[in-house]
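Values in this text are rule-based calculations from the coordinates and carry no lab data. Not measured: the values here are computed from a predicted model. Note that each Cβ is placed from the backbone with ideal geometry, even for glycine, and that neighbours are counted across all protein chains shown.
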Amino acid sequence: MHKISKSPRKHFYSWFNVLDKAKTLAADSAVFTTWDETLMTAGGKLANRWFTLILVVVLAGALSGCAKKKEINPIELMAPAQIFKKAEGELASGKPDKAAVLFSEVERLYPYSEWAKRGIVMSAFAYHQDKKYDLARAAAQRYLDFYPADEDAAYAQYLMALTYYDQIDRVARDQGNTFQALQSFRVVIERYPDSEYARSSILKFDLAIDHLAAKEMEVGRYYLKRDQFSASINRFRVVVEDYQTTTHTPEALFRLVEAYLSLGLDEEAQTAGAILGYNFQSTDWYDDAFKLLTRRGLEPKAKGNGWLRQVYRRVIKGEWL
């Protein structure tokens, strides 16, 4: 019985013997010559493919190594003072977006250091300059969370208020930013009354209140022009009762005279005229209100017992109870 060789080399050579015998038995040797050439050509092509694949892998590895070297951020090799100076240079050049990124890098590379503390508040400032209010607010809030008792905490809170205040642009829009600004400025005023930002916060607080009053006036005029007198009165009343220190109060009182006369409520119209005359007698609003009343044989005088009479007692008579 013939044993099968277990040697891979002998087994490989046996295939050549079979091929040689097949060639001897073949009638046309040209066929096998062509077949040999085909095998050699295929083997050459296969070798070429392997060589190409290896070359590609080697080149890819080399390029990858170069790319990794290029990806090293030079900022990571710089001292915090150098990064800070570079960020300040970007700010001075009118590039707050780049400055904000650099200030944030100081916080990332040197966390919990004095440089990181400065980096947070300066990134909030740079983002605010770039009008990226959400990012500025987030940085300012992060500073307040980490350093609530620090000397720059008042400034961080003031920056938060500014991110809302600077978005108050049109009376016709939603006043959500105005309310947020008021709340944030109030925190500065109450929590940091002796800071350099308290006075500016008070001024901007008053301006924001004036903005809210302007919104009420706009809506009140809208209703008044459409003869929706009760709806307009409700808006003007808000200005008189809640925003009486704003510049819109004289007009609100005049519009109340108009609206109440249109409804035939003479006593309320007279009382509104009396409050207007006492506080704003030198204004054109009082002159116009006086003419409206006198044309109907009325005079600016507190009458009745409505809400305006109560305002008259508090403001003019000083009767708060």
Would you tally the net charge around Phe205, using a Cβ to Cβ cut-off of less than 13 Å, leaving Phe205 out, and scoring K and R as +1, D and E as -1? 0
Say a paramagnetic label sat at a point 7 Å from the Cα of Lys301, along Cα to Cβ; which residues of segment 248-280 have their backbone N under 15 Å from it? 266-275
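For each pair in Lys98/Lys131; Lys95/Lys204; Lys215/Lys291; Lys117/Lys204; Lys204/Lys225; Lys85/Lys132, compute the distance between the two Cα atoms and list the pairs where it is over 20 Å. Walk me through the numbers on the way to the answer.
Working: Lys98/Lys131 13 Å; Lys95/Lys204 27 Å; Lys215/Lys291 27 Å; Lys117/Lys204 27 Å; Lys204/Lys225 31 Å; Lys85/Lys132 22 Å.
Distance filter (> 20 Å) returns Lys95/Lys204; Lys215/Lys291; Lys117/Lys204; Lys204/Lys225; Lys85/Lys132.
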Considering the Cα trace of segment 154-207, what is its radius of gyration and what is Dmax, both in angstroms? 10.7, 35
How are the C-alpha pair distances of segment 169-235 spread across 5 Å bins, as whole percents from the shortest bin up? 3, 18, 21, 16, 14, 11, 8, 5, 3, 1
Could you list Asp166, Asp134 so that the one with the fewest beta carbons within 10 Å of its beta carbon is first and the one with the most is last? Asp134, Asp166
Residue order, fewest to most beta carbons within 10 Å, for Tyr223, Tyr127, Tyr260: Tyr223, Tyr260, Tyr127
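Let me check I've understood the local charge: for Asn234, count other residues with C-beta under 15 angstrom from its C-beta, Lys and Arg +1, Asp and Glu -1. What total comes out?
Its environment carries a net charge of -1.
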Note down the net charge around Gly297, summing +1 for each Lys or Arg and -1 for each Asp or Glu among other residues with Cβ under 15 Å from its Cβ. +2
For segment 198-245, what's the relative contact order in percent, using C-alpha pairs closer than 8 Å and at least 6 residues apart? 35 percent
With 10 angstrom as the radius, rank Glu267, Glu251, Glu76 by how many other C-beta atoms surround their C-beta, starting from the fewest. Glu76, Glu267, Glu251
